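Encoded as structure tokens, the structure appears first; notes follow it.
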Amino acid sequence: MKKYVIKRDKSGLPETLTRYRQELNEEQFKVVTAKALPTLVIAGAGTGKTRTITYRVAYLLEHGVSPDRILLATFTNRAAREMLKRVETLTGTQNVHRVWGGTFHRIANLILRKHGSSIGYDSNYSILDSEDSRDFINVCIDEAGIDTSSKRFPKANVIQNIISYANNTDLEIDNVVVGKYPYFE
């Protein structure tokens with residue numbers, strides 16, 4: 001008969017914290033186990049941000065923070081799905097789907113659908129993707145009767161860029177055209 005001796009962990013840390021300590025470096029561990037407050041993680045490429053944030057979400061869930069009180073924002077849908085899947089693996093729980101996780105655009109959309117009425121938006125608004133936006137600009141050009149062949153006039157994708165730049169920099173479209181696209185004046 002084989003004999004097994006189960007020894008107590010001498011670190012005094014709960015099992016999950018011991019595992020976290022083994023799997024994370026010192027800085028990552030500090031971020032993961034920081035007080036349950038809003039946390040901003042700034043780090044360069046290849047430093048383990050995704051791993052750290054994933055463990056942070058798992059840590060918060062394991063310590064009783066309600067999933068709907070956690071916001072996990074990323075730049076791509078793939079990254080969001082992957083991170084939430086990792087959290088589910090770490091915690092062994094199915095309530096990860098209640099975490100506010102996704103791209104910045106998705107999260108903003110969820111917030112506007114839920115609370116947009118307080119700033120004058122209906123909850124049934126539409127969001128145009130890039131192709132729809134280009135088509136809409138072309139329809140507007142046609143309906144305005146602009147002959148784009150007889151004079152220098154920007155294509156729909158250039159108009160998209162002008163509008164986007166104006167919105168992102170809080171500049172008037174006229175100023176954007178003069179400053180960045182003077183050949184369309």
Worksheet entry | Filter pass, T76 being loosely packed, with under 12 Cβ neighbours inside 10 Å, closer than 30 Å to N157 by Cβ and not assigned by TED's automatic domain parsing to the domain that holds N157 | yes
Practice prompt. Would you point out the residue of segment 45-73, among those that are closer than 19 Å to L24 by Cβ and charged (D, E, K, R), that is surrounded by the most Cβ atoms within 10 Å (Cβ to Cβ)?
Written response: R56
Worksheet item: What do you reckon, is N175 free of Cβ contacts under 8 Å to residues at least 40 places away in the same chain, out of contact with any Cys (no Cβ under 6 Å at 6 or more places or on another chain), within 16 Å of R134 (Cβ to Cβ) and part of a helix (DSSP H, G or I)?
Response: no
Worksheet item: For segment 103-155, which residues satisfy the criterion of being over 30 Å from A80 (Cα atoms), among the acidic types (D, E) and surrounded by 10 or more Cβ atoms within 10 Å (Cβ to Cβ)?
Response: D142
Worksheet item: Which ones in segment 47-65 are free of Cβ contacts under 8 Å to residues at least 12 places away in the same chain and polar (S, T, N, Q)?
Response: T47
Item to complete: Considering (1) out of contact with any Gly (no Cβ under 7 Å at 6 or more places or on another chain); (2) surrounded by 10 or more Cβ atoms within 10 Å (Cβ to Cβ); (3) within 30 Å of T76 (Cβ to Cβ), say which one N168 fails and leave the rest.
Response: (2)
Worksheet item: For T89, are the conditions met, namely being among the β-branched types (V, I, T) and either in a helix (DSSP H, G or I) or touching a residue at least 40 places away in the same chain (Cβ under 8 Å) (or both)?
Response: yes
Worksheet item: In segment 106-150, how many are over 21 Å from the mean Cα position of the chain (by Cα) and assigned to a helix (DSSP H, G or I)?
Response: 16
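The values are calculated or read from the model by the stated rules, or taken from the named source; none is laboratory data. Computed from a predicted model, the values in this text were never measured in an experiment. Neighbour counts are summed over all protein chains in view; Cβ atoms, including those assigned to glycine, are modelled from backbone coordinates with ideal geometry.
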